[in-house]
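Before any comments, here is the structure.
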Amino acid sequence: RGSWRRRRPAMMELLRRADARTTAVIHRWAFGRLDYAVLPGALMFGWMGIGPSLLGVLTIGGQPATYLALLALAAGQIANRAMKVFLQRERPVPPFGSVLRVVSVKIPGPDDPDGASFPSGDTMAASAVGGALAL
């Protein structure tokens with residue numbers, strides 16, 4: 001038990017380095033016109049598009065689904081903020097100029113007031129709204 005506590009910082013550093021290498025590889029991927037496949041989700045389920053998404057939930061699922069979506073968003077936001085404070089994963093710096101994007105979406109910078117990059121708030125919002133529609 002004591003040996004795990006001594007090895008824990010080294011394991012976390014190993015995981016951080018692996019994460020940084022993987023993120024650097026993924027940020028260099030170029031999809032060309034397939035970038036358009038990402039655009040609807042980036043616009044509708046990010047915080048900028050949550051209003052139209054909730055209106056869609058209200059239209060499709062009615063008031064109970066909207067209440068469920070709002071509850072899921074509130075609970076998810078609390079959990080998301082707590083994990084961001086606990087994990088403190090720095091936002092990666094995209095390789096500007098090296099990857100051409102067909103469409104552009106808002107990419108938070110390292111000093112964005114949203115805080116750390118993991119877990120993703122947009123992913124949490126999309127999951128909450130999608131889950132409310134599924135139920």
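The values are calculated or read from the model by the stated rules, or taken from the named source; none is laboratory data. Since the structure is predicted, the reported quantities are computational estimates derived from the model, not experimental observations. FYI the Cβ positions are ideal-geometry reconstructions off the backbone, even for glycines, and counts take in every protein chain you see. To get the accessible areas, we keep the full protein, side chains included, count just its heavy atoms, and leave off ligands, DNA and RNA. Shrake-Rupley method; radii C 1.70, N 1.55, O 1.52, S 1.80 Å.
Those residues that are loosely packed, with under 11 Cβ neighbours inside 10 Å and either at pLDDT below 85 or on the phi > 0 side of the Ramachandran plot (or both), I need them from the stretch 57-77; list them, please.
62
What are the residue pairs meeting all of these: first residue in the stretch 58-77, first residue over 12 Å from residue 130 (Cβ atoms) and touching a residue at least 40 places away in the same chain (Cβ under 8 Å), second residue open to solvent by 50 Å² or more (accessible area, probe 1.4 Å) and in a helix (DSSP H, G or I), Cβ atoms under 6 Å, and 6 or more apart or on different chains?
66/58
Does residue 39 satisfy the condition of being open to solvent by 80 Å² or more (accessible area, probe 1.4 Å), modelled with pLDDT under 80 and under 20 Å from residue 130 (Cα atoms)?
It is false that residue 39 is open to solvent by 80 Å² or more (accessible area, probe 1.4 Å), modelled with pLDDT under 80 and under 20 Å from residue 130 (Cα atoms).
Here is a yes/no grid of residues against (1) in a loop (DSSP other than H, G, I, E, B); (2) surrounded by fewer than 15 Cβ atoms within 10 Å (Cβ to Cβ); (3) modelled with pLDDT under 70; (4) not basic (Lys, Arg):
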| position | (1), (2), (3), (4) |
| --- | --- |
| 95 | yes, yes, yes, yes |
| 106 | yes, yes, yes, no |
| 111 | yes, yes, yes, yes |
| 124 | no, no, no, yes |
